[in-house]
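What follows is a short report on a single structure.
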Amino acid sequence: MKKQKSKGAALLLMVFILLAGSLSGCMYPGKEQQTGGSYRESVKRVQEAVEDYQQQEGLLPILNADEATPRYEKFVVDLGKLHEMGYLDEIPAAAFEKGGSAYFLILDEETRPSVKLMDLVTVQKVNDVQRRINRYKSGHGGNLPAADEIYPDLFTIDAQQAGTGSITLKSIYSGQPLQFIMDKNGTVYADYSPDILAVVGKNGISTEANRDLRLKLEQASYYVPVKSLPYYWVEDRPVPQSPQQ
């Protein structure tokens with residue numbers, strides 16, 4: 001496994017320059033821009049319904065989730081219940097339940113419940129790559145199709161070996177390409193470093209060494225950085241932290 005951290009840093013810098021010029025104000029996903037703010041309206045309507053439900057019922061309208069479920073996949077809003085009980089006039093077209101490409105989630109459930117969107121296209125792409133990695137690992141004695149170690153204990157994927165060349169991922173925030181990375185166990189993630197670097201550079205947000213930088217993306221968009229690792233500011237760039245560290 002080659003170590004080319006400097007190469008990764010240079011790539012991030014190039015992507016930041018491109019993204020910073022294309023972002024203005026808050027970061028909103030390309031899909032939302034194309035639909036005239038319909039995603040924004042949908043989140044607002046579901047947020048109001050969730051607040052009304054919690055006030056009247058004393059609970060949050062969420063589907064059951066396992067304790068091990070990642071934060072950005074965990075508390076899915078039960079839109080069907082909100083609709084059936086009259087808190088929501090109709091289920092938004094963006095929702096998976098209506099054939100859309102997003103789940104509505106609740107973050108900060110114990111303090112100030114906030115409705116966000118989880119992009120299912122990103123989830124599907126990462127899962128597709130994960131299946132290829134698992135197949136390769138099973139057929140090669142546990143070895144991984146790793147290319148470069150661009151972060152500590154995190155690697156890009158040799159697409160030719162893994163057979164993942166046809167699977168590409170576009171950022172829900174900027175519409176720009178994102179790469180897949182994997183840890184030493186072969187678990188696959190989307191790399192949101194370019195998006196984090198762009199929002200930090202554009203908005204001039206101060207960085208904190210011990211604060212997960214994914215919160216920047218939460219604050220800048222209605223979408224969550226699903227299938228991601230925690231990011232921290234290290235040597236002037238956002239660096240994801242491997243579970244093995």
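The numbers here are math on the coordinates, done by the rules we state, and not lab data. Everything numeric here is computed off the predicted structure, so don't read it as measured data. Cβ coordinates were reconstructed from backbone atoms using ideal geometry, including for glycine residues, and neighbour counts include every protein chain displayed.
Side notes on the structure shown:
- Out of every Cα-Cα pair that segment 92-245 contains, those further apart than 25 angstrom amount to 34 percent.
- Listed from fewest to most Cβ neighbours within 10 Å, the set 91, 181, 133 follows the order 91, 133, 181.
- Three-way shape label, segment 30-118, alpha-carbon gyration tensor, a/c 1.5: oblate
- Counting neighbouring Cβ atoms within 10 Å and putting the fewest first, the residues 149, 51, 84, 67 line up as 67, 84, 51, 149.
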